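Before anything else, here's the structure in question.
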Amino acid sequence: MISREEFKEALETRTLMLDGGYGTCFFDEGLGGVPAELLNLEHPLSVEKLHREYVDAGADILLTNTFCGNRPKLAENSLQDKIAEIHREAVAIARRAASCARRRVLVFGDMTSTGRLPKPAGSGSFHDCLIAYREQAELLINAGCDGLIIETITDIKELKAALIAVREISVEIPLIAQMAFDSSGTTLTGASVEVFAAVAGDLDVDVLGMNCLVGPAETLQNLRRLAKATTLPLSVEPNAGDPRFDGKMTVYDTSAAEFSLYAEEFVEAGASIIGGCCGTRPDYIKALSAALKGVVPAGRRPRDVRLGTRVASRTSVFDLGGNFCVIGERINPTGKKLLRSSMRSGDWAPMLEEVASQGREGANALDINFGVEKFFTEESVSDAIIAIEGATPLPLSLDIQSLDLLERALAEYPGRPLINSSACDDESLAAKLPLLKKYGGVMVLLAMDKDIPESPAGRFEAVKRALARALAMGLTRDRFIVDALAMSVGAGCDHRATLGTLRMCAEDGLNTVLGVSNLSHGMPNRSGINAAFLSQAVEIGLSAAIINSGDNVVMETLYGALLLKTGKLEDRLDESALDPLVEALLSGRSKTVSALVDEKLSSGMPPLEVSQNVLGEAMEKVGALYESKKIFLPHILFAAETAFPVFDRLRGMMEGGEASRGRGKVLLATVEGDIHDIGKNIVATVLRAGGFEVADAGKNVSSAEILRQAAELAPDIVGLSAMMTTTVGRVSEVVAALAEGGVSVPVICGGASMNDELANLFGARYARDSNAALSLCRSLVGG
Amino acid sequence: MPRLKAYLARSGYRSALKDMKDGELALAKEIYIEALDLAEPLAVVNDYERRELGDISLPGKLEGCASYSAMLFSLGAGLDLAAEAYFGRDEPLRALLLDSWGSEAVECLAENVDERLRAARGRGTTRFAPGYGGFSVRHNAEWLKLAVGEDKPERPVSVDSQTGIIIPRKSIICMIGWDTIED
């Protein structure tokens with residue numbers, strides 16, 4: 001195994017070449033019908049031959065043929081019992097091929113998604129992902145890999161599970177983390193390139209990168225963004241352009257020569273590792289190697305990287321160094337009877353109301369405090385975090401004192417949270433810093449040891465000692481923000497000590513936060529006191545404040561203070577732009593949704609019309625927000641889940657004929673030979689939320705079975721999913737089977753390997769994503 | 001294949017790739033791909049003992065070697081014709097890019113063969129072409145004969161005896177001197 005230090009040195013001296021695609025090459029060899037991982041056992045020479053071709057082409061790193069080798073993925077082909085054998089053989093095969101080279105060729109164990117995305121993007125769990133990745137990482141490392149690569153990941157929470165799992169198994173193994181971004185630099189479940197950098201960058205990886213989904217031109221744009229968001233070495237593996245069907249399978253139109261023309265641009269943008277993904281073959285890697293002959297790594301300039309103290313949710317990043325951060329304080333049941341009882345009983349609706357309202361009021365992040373924590377379990381904390389992160393794009397501040405509950409929340413949260421907080425004494429730091437290191441995030445350091453020093457100098461000294469300890473553990477200053485401790489003036493505490501501490505921290509370049517409301521505890525005119533104090537703190541350089549964003553006195557004063565200090569107006573949310581029903585759906589406030597629907601029913605509007613023209617319209621607006629990338633997949637699914645019970649209730653109120661049809665009936669299936677069903681399930685959810693009745697025939701469904709179900713159910717539309725390059729042709733078979741069977745029904749199709757041209761060729765209509773599927777279905781039924 | 005940056009530098013682009021306008025870079029890449037289709041790379045190497053060269057002129061720096069390789073590299077006529085066509089259609093930038101690519105690519109071809117020869121034979125002299133270092137470009141004609149062989153009347157390139165210019169233009173005639181030949 002190469003050491004992490006050696007690997008890092010190699011990346012600094014030259015650009016390393018990764019290998020290219022495997023699936024297409026196996027297909028060329030006539031092995032397309034065999035699960036790729038099984039080839040390690042049944043056709044090891046074919047796998048070794050391809051590895052050798054990549055070595056001859058110039059690859060410095062070979063990836064083992066274990067891409068879908070995790071247990072859940074293998075189980076889809078009933079291969080889970082062979083998992084150990086598959087990994088042992090895969091590494092041995094790659095090692096044999098690598099040993100034929102005259103230079104050093106590294107073998108990296110290849111890992112990807114489990115196919116069961118953790119909630120809220122899917123129905124899986126973080127813990128299940130962790131178990132699957134631990135097992136695969138251990139198998140690969142024990143079999144003798146030089147390093148590991150986790151690639152083609154679309155969900156940041158699943159990536160987090162994978163990275164944590166690997167580091168639980170080994171802190172020595174070199175580790176590359178890659179996500180699949182589309183042309184806008186966003187993953188399927190909404191993580192931007194910058195979110196990826198913020199979250200994965202904390203998790204002890206050696207290289208951050210991207211692969212799949214797009215060709216070299218789009219990858220280059222995304223790479224340039226990533227280079228500005230991390231100082232870690234970078235890797236890229238683009239597809240060979242856009243997919244096209246050639247009559248037998250999907251092919252990619254970017255030639256090896258054209259592909260290789262991006263090599264120098266990748267290096268100039270900062271890539272240290274370059275390879276190819278779908279559609280690339282050994283000749284692509286050979287052309288890349290030739291194009292990079294004599295090209296030295298560009299060397300990244302620190303000034304090009306914007307690294308402030310950033311907090312992030314699944315979909316957005318907030319830079320505390322560049323903008324003042326309002327942290328909403330109201331997810332805290334202390335003194336709030338209704339919120340307390342609902343949170344303790346697992347009824348998250350009132351909490352989500354507060355989440356939504358604070359977002360509307362202008363909060364940039366939300367403090368999450370469970371009050372008396374003994375009433376909560378790890379499971380209920382998980383549920384709460386999943387509910388909140390599905391309902392808001394705002395980053396969270398986890399104000400949780402129990403270490404077990406905090407660890408659970410950190411595992412469950414897919415962003416880079418604030419961890420609120422740790423005192424600077426040894427005991428507190430010993431408990432909290434390992435969590436920060438393992439799960440990532442930004443720690444709020446309370447400027448105190450076991451006791452609170454009275455003087456600013458005493459508080460600042462405590463912070464400096466804590467930072468020194470953290471830095472010795474390999475953590476960096478940008479992982480911390482200092483709470484200068486606002487304490488009740490009513491209890492005789494001197495607010496000037498707080499301001500003095502703030503000043504010392506600001507002069508030392510540290511970001512700061514205050515729980516402002518503490519200052520006025522027990523006092524009359526709290527808003528005025530809080531606002532006056534906040535104004536003074538802002539002038540000194542306060543970076544963030546935990547406040548009541550619904551307190552107009554405080555908020556207006558804050559905006560005024562920021563205007564005077566910075567000369568720029570803060571962006572304010574235009575509340576009038578929000579449709580209340582849309583907003584309630586996105587926030588998961590089912591009671592509000594019901595109330596708004598009831599209003600329409602009370603006015604005499606028939607249930608069918610309410611279903612289609614009120615709730616259906618609102619879901620359509622949610623879909624439009626998704627399409628414009630203002631919200632992302634987990635949000636649309638969350639809104640759909642909120643809408644389902646209301647749709648069901650409305651359906652129950654309709655006349656028989658109306659109720660059975662809704663907008664129309666859609667029969668969905670993943671075609672034969674294809675076991676990918678995440679996309680199909682998402683489409684089913686969105687169609688249901690859009691008022692369609694959906695019959696799901698499942699995955700790996702034969703043409704004959706689809707025909708049988710279509711004849712029996714008489715759907716208005718048949719929807720087909722084909723993910724793999726080798727299965728897209730099945731769509732054509734289904735269309736033909738339906739025609740021959742006398743079932744006249746429009747067919748729509750989608751999937752990673754599908755496109756408009758291809759769908760037309762097959763006699764079907766193409767839907768790029770779930771929202772496009774909904775629009776297409778509506779147009780087909782005339783709705 | 002020539003490096004993208006080297007080809008662009010030869011065309012006159014000196015900035016970092018990221019600072020080029022998207023349209024410019026896209027055009028440059030388009031021409032690169034077109035050029036790859038048009039080029040018909042040819043490399044011919046013929047070896048001679050010193051005594052076999054008789055009174056053939058040698059550049060000063062290559063005197064005294066035991067043996068010599070006479071070499072011809074060419075990309076064929078397609079590039080010249082396409083560049084002319086671009087000029088004729090008032091598309092001078094495309095013509096310039098094609099011409100620059102050809103210059104860089106033929107040099108790249110020569111460099112490639114040069115490296116392989118040295119890898120097989122050890123250290124030789126600098127690769128030298130007529131027209132440089134006071135060695136007249138008119139010597140192209142006689143070294144062309146040496147490169148392709150006196151007995152081959154049909155030559156893939158021609159040299160104007162008066163000017164020494166080689167047609168097709170993206171061609172190089174050159175030589176390397178070797179102390180010893182290790183076959």
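Derivation of every value follows stated rules applied to the coordinates shown; laboratory data play no part. What you are looking at is a predicted structure, and each value in this text was computed from that prediction instead of being measured. Cβ coordinates were reconstructed from backbone atoms using ideal geometry, including for glycine residues, and neighbour counts include every protein chain displayed.
Would you work out which of A:401, A:338, A:510 lies farthest towards the positive end of the dipole of segment A:310-577? Charges go on Cβ: Lys and Arg +1, Asp and Glu -1.
Result: A:510.
Can you find, among A:355, A:210, A:271, the residue farthest towards the positive end of the dipole of the protein assembly as shown? Put +1 on the C-beta of Lys and Arg, -1 on that of Asp and Glu.
A:355
Let me ask another. Multiply the residue gap between residue A:372 and residue A:338 by 0.36 nm, knock off their C-alpha separation, and tell me the result in nm, one decimal place.
Between residue A:372 and residue A:338, full extension yields an extra 10.8 nm.
Report the extension gain between residue A:38 and residue A:594 in nm, rounded to one decimal, defined as 0.36 nm multiplied by the number of residues separating them, less their alpha carbon distance.
Contour length minus Cα-Cα distance gives 195.1 nm.
If packing is taken as the mean number of other Cβ atoms within 10 Å per residue, what is the order of A:482-491, A:539-548, highest first?
Output ranking for A:482-491, A:539-548: A:539-548, A:482-491.
Please figure out what share of the DSSP beta bridges in segment A:310-577 is antiparallel and state it in percent, rounded to the nearest 5.
Within segment A:310-577, antiparallel bridges account for around 15 percent of the total.
For peptide A:256-268, compute the average count of partner chain beta-carbon atoms within 10 Å of each residue's beta-carbon.
4
Gap in Å between the Cα centre of segment A:657-731 and the Cα centre of segment A:1-73?
Spelled out, the Cα-based centre of one part sits 34 Å from the other.
Just going by the charge dipole of segment A:580-781, with Lys and Arg at +1 and Asp and Glu at -1 on Cβ, which of A:734, A:638, A:698 is farthest out on the positive end?
A:638
Okay, moving on. Roughly how many whole Å is it from the C-alpha centroid of segment A:383-446 to that of segment B:45-69?
Using only Cα atoms, the two centres lie 77 Å from each other.
Could you calculate the FRET efficiency of residue A:383 with residue A:75 from 1/(1 + (r/R0)^6), where r is the beta carbon distance between them and R0 is 25 Å, rounded to 0.05?
Numbers: r = 26 Å, r/R0 = 1.05.
With a Förster radius of 25 Å, E is 0.40.
If you don't mind, there's one more thing I want to ask. Rounded to the nearest 20 debye, what is the charge dipole size of segment A:580-781 about its Cα centre when +1 sits on each Lys and Arg Cβ and -1 on each Asp and Glu Cβ?
It comes to approximately 380 debye.
While we're on this one: Run through the DSSP bridge list for chain A and note the antiparallel percent, rounded to the nearest 5.
Percentage antiparallel, nearest 5: 10.
Suppose a student asked you for the relative contact order of chain B, using Cα pairs under 8 Å spaced at least 6 residues apart; what percent would you report?
Contact order relative to length: 31 percent.
Something else: Could you compute the FRET efficiency for residue A:455 and residue B:158, with r as their C-beta to C-beta distance and R0 at 60 Å, rounded to 0.05?
On the way: r = 92 Å, r/R0 = 1.53.
For R0 = 60 Å, the calculated efficiency reads 0.05.
Sticking with this structure for a sec: How many angstrom lie between the C-alpha centres of segment A:240-295 and segment A:121-150?
Centre-to-centre (Cα) distance: 28 Å.
Counting partner chain Cβ atoms within 10 Å of every residue's Cβ in B:96-103, what's the average?
0
How do the peptides B:59-70, A:120-131 rank, highest first, by the average count of neighbouring beta carbon atoms within 10 Å per residue?
Packing order, densest peptide first, comes out as A:120-131, B:59-70.
Sorted by average packing, counted as other Cβ atoms within 10 angstrom per residue and highest first, what order do A:739-746, A:25-32 take?
Numbers: A:739-746: 13.9, A:25-32: 16.5.
Top to bottom by mean Cβ count within 10 Å: A:25-32, A:739-746.
Expressed in nm to one decimal, what extension gain is obtained for the pair residue A:713 and residue A:123 from 0.36 nm per residue of sequence separation less their Cα-Cα distance?
So the chain would gain 209.7 nm between residue A:713 and residue A:123.
Pop the C-beta distance of residue A:477 and residue A:172 into the FRET formula with R0 = 22 Å and round what comes out to the nearest 0.05.
Computed FRET efficiency for residue A:477 and residue A:172: 0.30.
Rounded to the nearest 500 deg cm²/dmol, what is the calculated helix-only ellipticity per residue at 222 nm for the protein assembly as shown, with -39500 (n - 2.57) per DSSP H run of length n ≥ 4?
Details: 37 runs with 438 residues, N = 966.
Mean residue ellipticity, 222 nm, calculated: -14000 deg cm²/dmol.
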